[in-house]
Amino acid sequence: MNSNPSYRRFADLSVSEILLNSVFLCAIGCGYVFALANLYYTHQGRDGKPGLSMDDIVIAYHGADDKTRLESALNGIMEPNLRYKSDKDVIVKWIHAGADESGYRNEVAPILARDCQRCHSPDINPGLPDLTSYQGVLAVAKSGGASLPALIRVSHIHLFGIAFILYFIGKIFVLSEINVFAKRALVVIPFLAMFIDVFSWFVTKQVSWFSHVVVLAGVLMGMSMGAQIIISLYQMWFHRSQPPFSGAM
Ligand code: HEC
């Protein structure tokens, strides 16, 4: 396809190189399958239903404002501890409005002091959520989702790790003989998808519908990476000008 003799193609590889490339690509392919399985088990069921759904992704990054531990407890086993049922609405309203500190001082703290702190105090039950301080209450009143430090940590690991993998897959893939424009696009797309993926985590933390972009970017990266692996393996073994084991080395 390319007449410039300084470009190497799969046909120029030694058998050792083909073997090395092949086992590497197979290992990455297996790793990817396990990564998908890991993704499934990490996020599935967050919304209370089995299986992975868009809601699970939203909850993972954005959190669920109606699924805080405090609200669930007030709707469940902790409800009888309230002297007045109407106080539940006061607290739930406060959670949904963002759980700010002034609302806590004025409306929520007096209720908790009267109905909850005889059990929920670090002096009495260190194992239970501390409902004597704003920080303690916030820990069970937050919407959850990924914290900014956690997202930053995962982002840098993700970018470093995936960039290496994509680079090596791409280095092998550029030896293939396909349309040169398709090739150029295919080496760039997975990197773009990776950037969009990481960027979309941070946006989804604020804007829940952006979870669709998380999923799309993930699918795009998987498919473009898969295409590079499959084309490379196929051409190395079945589409060479010379069959692999004909030469020396
Ligand atoms: C009689 C003692 C007692 C009182 C009063 C009490 N709780 Fe609890 N609370 C507990 C115990 C025990 C647990 C642990 C239950 C468990 O893990 O199954 C708990 C757990 C919780 C949890 C954590 C649930 C989770 O997600 O693990 C929250 C939130 C909570 N209580 C809120 C409250 C609120 C709000 C009040 C006041 C309206 C209150 N509790 C009053 C004993 C009490």
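When each of Ile172, Ile229 is tested for being of a type outside the set (S, T, N, Q), open to solvent by less than 90 Å² (accessible area, probe 1.4 Å) and under 19 Å from Val33 (Cα atoms), the lone residue that passes is Ile229.
Residue-wise test of (1) of a type in the set (Ser, Thr, Tyr); (2) out of contact with any Gly (no Cβ under 9 Å at 6 or more places or on another chain); (3) closer than 21 Å to Arg8 by Cα; (4) at pLDDT 90 or above.
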{"site": "Leu148", "(1), (2), (3), (4)": "no, yes, no, no"}
{"site": "Lys183", "(1), (2), (3), (4)": "no, yes, yes, yes"}
{"site": "Val187", "(1), (2), (3), (4)": "no, no, yes, yes"}
{"site": "Phe191", "(1), (2), (3), (4)": "no, no, no, yes"}
{"site": "Val207", "(1), (2), (3), (4)": "no, yes, no, no"}
{"site": "Ala217", "(1), (2), (3), (4)": "no, yes, no, yes"}
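Of the numbered criteria (1) crowded, with 17+ Cβ neighbours inside 10 Å; (2) within 30 Å of Ser176 (Cβ to Cβ); (3) acidic (Asp, Glu), the one Asp12 fails is (1). Screening the range 12-101 for helices (runs of 4 or more DSSP H) wholly inside it with 2 or more residues that are more than 16 Å from the ligand (Cβ to nearest atom) and of a type in the set (Phe, Trp, Tyr) returns the ranges 15-43. Give the range 15-64 a look and list any residue that's open to solvent by 80 Å² or more (accessible area, probe 1.4 Å) and either among the polar types (S, T, N, Q) or not assigned by TED's automatic domain parsing to the domain that holds Phe210 (or both), or say none. Passing the criteria: only Asn38.
Just to check your reading of the model, which residue among Leu138, Leu128 is within 15 Å of the ligand (Cβ to nearest atom) and either assigned to a helix (DSSP H, G or I) or β-branched (Val, Ile, Thr) (or both)? Being within 15 Å of the ligand (Cβ to nearest atom) and either assigned to a helix (DSSP H, G or I) or β-branched (Val, Ile, Thr) (or both) holds for just one of Leu138, Leu128, which is Leu138. Scanning the range 102-124 for residues that are in a loop (DSSP other than H, G, I, E, B), open to solvent by less than 80 Å² (accessible area, probe 1.4 Å) and farther than 15 Å from Ala73 by Cα turns up Ser121, Pro122. Leu166 meets each of the listed conditions (1) within 16 Å of the ligand (Cβ to nearest atom); (2) touching a Pro at 6+ places or on another chain (Cβ under 7 Å) apart from (1).
The values are calculated or read from the model by the stated rules, or taken from the named source; none is laboratory data. Keep in mind that this is a model prediction, so the values were computed, not measured. A quick note on method: Cβ atoms are made from the backbone with ideal geometry, for glycine too, and the neighbour counts reach across all protein chains shown. Please note that ligands, DNA and RNA were not included when accessible areas were found on the heavy atoms of the full protein model with its side chains. Shrake-Rupley method; radii C 1.70, N 1.55, O 1.52, S 1.80 Å.
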